[in-house]
Amino acid sequence: MTNHKNITGRWFSLALLLTSLIAVSGQAAENLLTNPGFELGNTSGWKTWGCSLTAVQNQAHSGDYSVRVYNRSQSWQGPVHSVIGKMENGKTYTISAWVKLDNAESARIMITFMQMDGRGIRYINASTSSVSDDQWTWVCGEFTLDVTGTLEDMDVYFEGPAPGINFYLDDAELVELVSEPTEPHAAGVVDVNTVYQELEGFGASGAWYEGWLPAHPLRNEIYDCLFKELGLDIYRLRNTYDISTSNISSPAKIIQAADDSLGHPIRVMVSSWSPPAYLKSNNSTVRGTLAQYPNGGYMYDEFAQWWADSLVEYSNYGIDVNYVSIQNEPDWLSDWDTCKFRPTETAAWAGYNLAFEAVYQELSARMDKIPKLLAPESCNCGGSNSFIDALIDPNHVYGYAHHLYGGGSHDAPDDYIPAMTNFAARYGDKPLLQTEFAKGESEPLTFSDAMNLALLMHNSLTVEGVSAYLYWELFWCEPKGLVSLDNPWQANPGYTINPTYYAFKQYSAFTDPGWHRVEALTDSSDLRISAFISPDANDVAIIVINASDVSIDLSLSLGDFLPESCEVYRTSETEHTAYVGTFDQSQPLTLPPQTITTISLTSTATRLSR
């Protein structure tokens, strides 16, 4: 069931009441940038470091003008705006703009602050996003000004694409992030009769380092940590058939261990980073597109045959594949295994729509039941639109999948909300799946990262209405992954459970595939609440995030759901999905600051199945 809503009159009135309480009044924050949309027809207020800027009318995100950035000989060159004297020490700001490439299909844009103070000159990244020439992409981030001594100079600028790549910039905005004072008391309600999307489940990837886990001397307890204790539903892996076929034995061992740990088969998702080199235009799994015949035409049929053969091979290893994505990030090229597609065929690039259709037809001809096909698994929500719109027959697609590398950042989960809202409005007629995202930096993961992950999962589930949320690295070398592994061939290898593991567990351990999201509302803008119900309607999981620095007492009504068992689990900086007691809806539930709380409810009363 997707985006279905059945609101009774009684609950509709309460929903309107809570919605009105949540609404925030007041004037829009002031944009601290001059000429942010270049509607003056010039570049006044802006400067450049070593490249050229021209206000143009032939491209605009809104209004009549944007700025074209060109003659770039270095990746750091781009439009620069001075913000000296406009920002206050200790305050947090959001910085954003709309960007579109001019002469390249994909690149990454970074928003950077140059700060000169008592610590010298620093360059501080606020956002990194994937952008394309297909459409305008919203790039955004957050920045907190932290000054040592005297602030002598301060600029914000847009950089990142390789030298020679031109881009357009429009509707830039720098505003102070203002929070309302937190109220220590809140009201909330869960209505199990108002039903939204069905869950495919929560998952993560083992696309790399899969040889480490089966070789680890502590593998059995790690398997239970990753699967049984986490309640993982979906395991995503990389298609290595005819690339390094022998490596399939490692995910086969991991999937068998997952099945044993869970007590039932785990769902398996397979994505291709690249087909084999013999199917590539550059005879390499790195970069390139599909190969062409000597007389022209791309090898779509051979690509489809490779996919069908690979699924047979995985089956021979005991791996039954539930989901297939024919290409991981078809809109991105990098110096690792990639394969670039355009939404439709061009002289230089194979067409994703033709490749997808060829795979669908080949699998349909050779298999009694084909896996659920996902498309397009692009870098971000916005980058998916042109690929989806170009599909030959959307009925051949089970669900629309994407990543979150653009439109927001790990450190600013709410920045994704506009893109998620638009994506759900356009494509919510099918299951939506977020199939890869994690913090990119190679730094130890902190509890702040865990809170950001919980907020991002909440937004994905409630704003976009995703049916599945997949973390990128299930296990990885230090310091990444929900669980970080020591090299198994070193002396006395161990493993580390990172804080993000417990944030993820607050959702994954208390729900299962087939559950539905139901209505959950609160009158506090500092709380985020979501709720899910089992197919037999006897179990409910409610997840509440208190992102404030104040303890909040939540009075929570469950409507006509009458639980017989109510257990509460909490993750904080010192608690790790810890059991903290029971819940009685006649008494407020205390939510300490910076916590993620799951209320697990069970009723043995006979209820209608959904």
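Mind checking whether some residue in region 468-476 is hydroxyl-bearing (Ser, Thr, Tyr) and over 14 Å from the mean Cα position of the chain (by Cα)? Can you show your working first?
First pass over region 468-476, keeping only residues hydroxyl-bearing (Ser, Thr, Tyr): 469, 471.
Okay, now just the ones that are also over 14 Å from the mean Cα position of the chain (by Cα), so none.
Within region 468-476, none of the residues are hydroxyl-bearing (Ser, Thr, Tyr) and over 14 Å from the mean Cα position of the chain (by Cα).
Looking at SER127, SER132, just one residue is closer than 21 Å to SER82 by Cα, among the hydroxyl-bearing types (Ser, Thr, Tyr) and surrounded by 15 or more Cβ atoms within 10 Å (Cβ to Cβ), and that residue is SER127. Exactly one residue out of SER524, SER484, SER460, SER530 is over 30 Å from GLU180 (Cβ atoms) and buried (at least 20 other Cβ atoms within 10 Å of the Cβ), and it is SER484.
Report yes if some residue within region 378-387 is part of a loop (DSSP other than H, G, I, E, B), of a type in the set (A, V, I, L, M, F, W, C), out of contact with any helix residue (DSSP H, G or I) (no Cβ under 9 Å at 6 or more places or on another chain) and surrounded by fewer than 17 Cβ atoms within 10 Å (Cβ to Cβ); otherwise report no.
In the first step, residues of region 378-387 are kept if they are part of a loop (DSSP other than H, G, I, E, B); the result is 379-380.
After this cut, where a residue has to be of a type in the set (A, V, I, L, M, F, W, C) as well, the list is 379.
Right, trim to out of contact with any helix residue (DSSP H, G or I) (no Cβ under 9 Å at 6 or more places or on another chain) and you get 379.
Imposing the further condition that a residue be surrounded by fewer than 17 Cβ atoms within 10 Å (Cβ to Cβ) reduces the set to none.
So far as region 378-387 goes, no, none of its residues is part of a loop (DSSP other than H, G, I, E, B), of a type in the set (A, V, I, L, M, F, W, C), out of contact with any helix residue (DSSP H, G or I) (no Cβ under 9 Å at 6 or more places or on another chain) and surrounded by fewer than 17 Cβ atoms within 10 Å (Cβ to Cβ).
One residue stands out among those in region 569-598 that are of a type in the set (A, V, I, L, M) and buried (at least 20 other Cβ atoms within 10 Å of the Cβ): the one that is farthest from the chain's Cα centre (by Cα), which is LEU589. Look at region 559-588: where a residue is without any contact (Cβ under 8 Å) to a residue 24 or more places away in the chain and a partner is assigned to a loop (DSSP other than H, G, I, E, B) and hydroxyl-bearing (Ser, Thr, Tyr), sitting 6+ places away or on another chain with Cβ atoms under 9 Å, you get ALA578/SER572. Checked against (1) crowded, with 21+ Cβ neighbours inside 10 Å; (2) of a type in the set (A, V, I, L, M); (3) within 29 Å of GLU436 (Cα to Cα); (4) over 23 Å from the mean Cα position of the chain (by Cα), VAL189 passes all but a single condition, namely (3). The residues in region 33-51 that are free of Cβ contacts under 8 Å to residues at least 40 places away in the same chain and either among the aliphatic types (A, V, I, L, M) or surrounded by 14 or more Cβ atoms within 10 Å (Cβ to Cβ) (or both) can be counted, and the count is 9.
Of the residues making up region 300-320, those that are free of Cβ contacts under 8 Å to residues at least 60 places away in the same chain and either within 16 Å of ALA350 (Cα to Cα) or over 29 Å from the mean Cα position of the chain (by Cα) (or both) number 8.
The rows are residues; the columns are (1) in the same structural domain as ASP171 (by TED's automatic domain parsing); (2) of a type in the set (Gly, Ala, Ser); (3) over 24 Å from LEU177 (Cα atoms).
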{"site": "GLU30", "(1), (2), (3)": "no, no, no"}
{"site": "PRO36", "(1), (2), (3)": "no, no, no"}
{"site": "GLU39", "(1), (2), (3)": "no, no, yes"}
{"site": "ASN42", "(1), (2), (3)": "no, no, yes"}
{"site": "CYS51", "(1), (2), (3)": "yes, no, yes"}
{"site": "THR54", "(1), (2), (3)": "yes, no, yes"}
{"site": "GLN59", "(1), (2), (3)": "yes, no, yes"}
{"site": "ASP64", "(1), (2), (3)": "yes, no, yes"}
{"site": "VAL67", "(1), (2), (3)": "yes, no, yes"}
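Going by what's in this entry, would SER557 be described as assigned by TED's automatic domain parsing to the domain that holds THR462 and of a type in the set (Ser, Thr, Tyr)? So SER557 does not fit the description; no. Only residues that are at pLDDT 95 or above and on the phi > 0 side of the Ramachandran plot were counted in region 23-58, giving 4.
For residues in region 199-211 being outside any strand (DSSP E or B) and closer than 30 Å to SER244 by Cα, which is modelled with the highest pLDDT? Talk me through it step by step, then tell me what you get.
Of region 199-211, the ones outside any strand (DSSP E or B) are 199-200, 206-211.
Cutting the leftovers down to closer than 30 Å to SER244 by Cα gives us 200, 206-211.
Details: GLU200: 98, GLY206: 94, ALA207: 86, TRP208: 89, TYR209: 94, GLU210: 95, GLY211: 95.
It comes out as GLU200.
Please specify each residue of region 44-63 satisfying the condition of being assigned to a loop (DSSP other than H, G, I, E, B), farther than 23 Å from ILE124 by Cβ and not polar (S, T, N, Q). Those that are assigned to a loop (DSSP other than H, G, I, E, B), farther than 23 Å from ILE124 by Cβ and not polar (S, T, N, Q): ALA60, HIS61, GLY63. Of all residues in region 395-428, those satisfying the criterion of being within 18 Å of ASP331 (Cα to Cα) and either among the β-branched types (Val, Ile, Thr) or assigned to a helix (DSSP H, G or I) (or both) are ALA419, PHE423.
One residue stands out among those in region 52-63 that are over 21 Å from GLU159 (Cβ atoms) and polar (S, T, N, Q): the one that is surrounded by the fewest Cβ atoms within 10 Å (Cβ to Cβ), which is ASN58.
The values are calculated or read from the model by the stated rules, or taken from the named source; none is laboratory data. Everything numeric in this text was worked out from a predicted model, so none of it was measured. Cβ sites come from the backbone with ideal geometry, for glycine too, and all protein chains shown count toward neighbours.
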